[in-house]
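Chemist: One structure follows; several queries about it will come next.
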Amino acid sequence: MPQRRAVLATALAGLAVPRLARAQAWPARPIRLLLPDTPGSGNDSTARIFSHYLEQGLGQPVAVDNRGGAGGRIGVEAAFRSPGDGYTWLLGNAGSNGINAALYRDLPYDLETSFIPVSLLVTGPNLLAVNSRVLPVKTVQELIGHVRARPGQINYASAGPGSSAHFSMELFKSVAGLDLVHIPYRGAPAMAQAAVQGDAPVLVGNLVNVMGFIQRGELTPLAVTSLTRSIDLPEVPTLDESGLRGFETLAWNAMFAPPGTPAPIVARMLAELRRVAAIAEVRTRLRALGGDLVASAPEVLAARVRADIARWKDLAQRANIRIDG
């Protein structure tokens, strides 16, 4: 019996050696960064900033692979089905890795447990904005009064079912008691264009995705969704200040690893993300996009995901929001 145990121990050790060797040699070839979002979005900009500086530290190309659609489900599923070898990573967001757990019954993965949390990278407020050429309002209370007088007659744009733009507006509708018609678009750029063109003249969008339209006067900001005002739009009140007490939603993006990725590789990626986050130019570029750089510990990201999923599941149940398939 002792001899058999020794043989078994030797065999298991032999199996572990190649895995450890792969981790020590990583990365030996190009890396893919899956992004469950469309080109031109704020998350896309963040991904490309990080990929550029990650390449410098890792010594290998880091290619951004846009897999937008279905509120981020397409890109997340692609990451879930990728091998956990350190050559595929997921830059998820509040919609793809939080809200979708409340929206879909048939996800082939569990957003709380199927992915390895690496780091919460960037957070930022959402912004309630309107096309004031279509809707003659300048404050949140004016918008609420205008919509209440026209129930079911005004469209709002989102970046797709399950996006943070979608659920943030649904929360606004629920709290304010409004009847707005949801018109989903494929990604944040199309959402903003729809509002500018007047097809769906109201939206809640990530600040980074609508800031350019605000600066050009094409959209009018009414309120930010954080509990404190944005340093980028200090004159714009919060929804909390505007009469919706306690209202808060935050946009975020974060790095996740597919299941099975070796712990030493995850630790190396975390170290590289923190190195990039310390670069002054990176902080400046992300600040210009309206984002706050965090580069958190894995447990902070895990807690954020759990809290968001619980909150959005509650909203989905109360508002009867669900997509089957």
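Chemist: Taking the 0 to 90 degree range and rounding to the nearest ten, how far is the long axis of helix 263-277 tilted relative to the main principal axis of the chain, both from C-alpha atoms?
Modeler: Approximately 40 degrees, to the nearest 10.
Chemist: Compute a Gaussian network model of the chain, connecting alpha carbons closer than 10 Å, and tell me which residue from Ala223, Ala157, Ala280 fluctuates the most.
Modeler: Looking only at Ala223, Ala157, Ala280, the biggest GNM fluctuation is shown by Ala280.
Chemist: Let me ask something else about it. Using Cα springs under 10 Å in a Gaussian network model of the chain, which residue among Ala176, Ala190, Ala295 shows the largest mean-square fluctuation?
Modeler: Ala176
Chemist: By DSSP, what percent of the beta bridges with both residues in the stretch 125-224 are antiparallel, rounded to the nearest 5?
Modeler: Around 60 percent antiparallel, to the nearest 5.
Chemist: Now for a separate question. To the nearest 20 debye, what is the magnitude of the charge dipole of the chain about its Cα centre, counting +1 on the Cβ of each Lys and Arg and -1 on the Cβ of each Asp and Glu?
Modeler: 700
Chemist: Against the longest principal axis of the chain, how steep is helix 188-197, in degrees 0 to 90 to the nearest 10, with axes from Cα atoms?
Modeler: On a 0 to 90 degree scale, this one is about 10.
Chemist: May I ask you to derive the relative contact order of the chain, considering only C-alpha pairs under 8 Å and at least 6 residues apart, and to give it as an integer percent?
Modeler: 26
Chemist: May I ask for the angle, rounded to the nearest 10°, between helix 42-58 and the longest principal axis of the chain, with both axes built from Cα atoms and the value confined to 0 to 90°?
Modeler: For 42-58 against the chain, the angle is about 30 degrees.
Chemist: Going by Cα centres, the stretch 74-109 and the stretch 225-268 are how many Å apart?
Modeler: One Cα centre to the other: 18 Å.
Chemist: Let me ask something else. Go ahead and run the numbers for FRET between Ala307 and Arg48, Cβ-Cβ distance against an R0 of 22 Å, rounding to 0.05.
Modeler: Approximately 0.20, to the nearest 0.05.
Chemist: In whole Hz and in residue order, list the ³J(HN,Hα) couplings for the stretch 228-236 that follow from phi through the Karplus curve 6.51 cos²θ - 1.76 cosθ + 1.60, θ = phi - 60°; x for Gly and Pro.
Modeler: 10, 5, 7, 5, 7, 9, x, 7, 8
Chemist: Farthest toward the dipole's positive end in the chain, which of Ala263, Pro39, Val294, given Cβ charges of +1 (Lys, Arg) and -1 (Asp, Glu) about the Cα centre?
Modeler: Checked the options; the winner is Ala263.
Chemist: What percent do you get for the relative contact order of the stretch 139-217 when only Cα pairs under 8 Å and 6+ apart count?
Modeler: Across the stretch 139-217, relative contact order equals 35 percent.
Chemist: Now a separate question. Between (1) 1.00; (2) 1.10; (3) 1.05, which matches Rg/Rh (Cα atoms, Kirkwood Rh) calculated for the structure shown?
Modeler: Only one listed value fits the structure, namely (3).
Chemist: Take the Cα atoms of the stretch 125-224, find their three principal axes, and give me the spread along each one in whole Å, biggest first.
Modeler: The Cα atoms of the stretch 125-224 stretch 30, 28, 23 Å along their principal axes.
Chemist: If I take R0 = 22 Å and measure r between the Cβ atoms of Asp314 and Arg186 in this structure, what FRET efficiency does the formula 1/(1 + (r/R0)^6) give, to the nearest 0.05?
Modeler: The computed FRET efficiency comes out at 0.20.
Chemist: Then there's this: Suppose R0 equals 45 Å; then what is the FRET efficiency for Asp179 and Thr113 from their Cβ-Cβ distance, rounded to the nearest 0.05?
Modeler: 0.75
Chemist: Assign unit charges at the C-beta atoms only (+1 for Lys and Arg, -1 for Asp and Glu), then state the dipole size of the stretch 97-187 relative to its Cα centre in Debye, rounded to the nearest 20.
Modeler: Dipole size: approximately 460 debye.
Taken together, the values in this text are just the output of simple stated rules run on the coordinates, not laboratory data. None of these values were measured; they are calculated from a predicted model. Glycine gets a Cβ as well: all are built from the backbone with ideal geometry, and neighbour counts include every protein chain shown.
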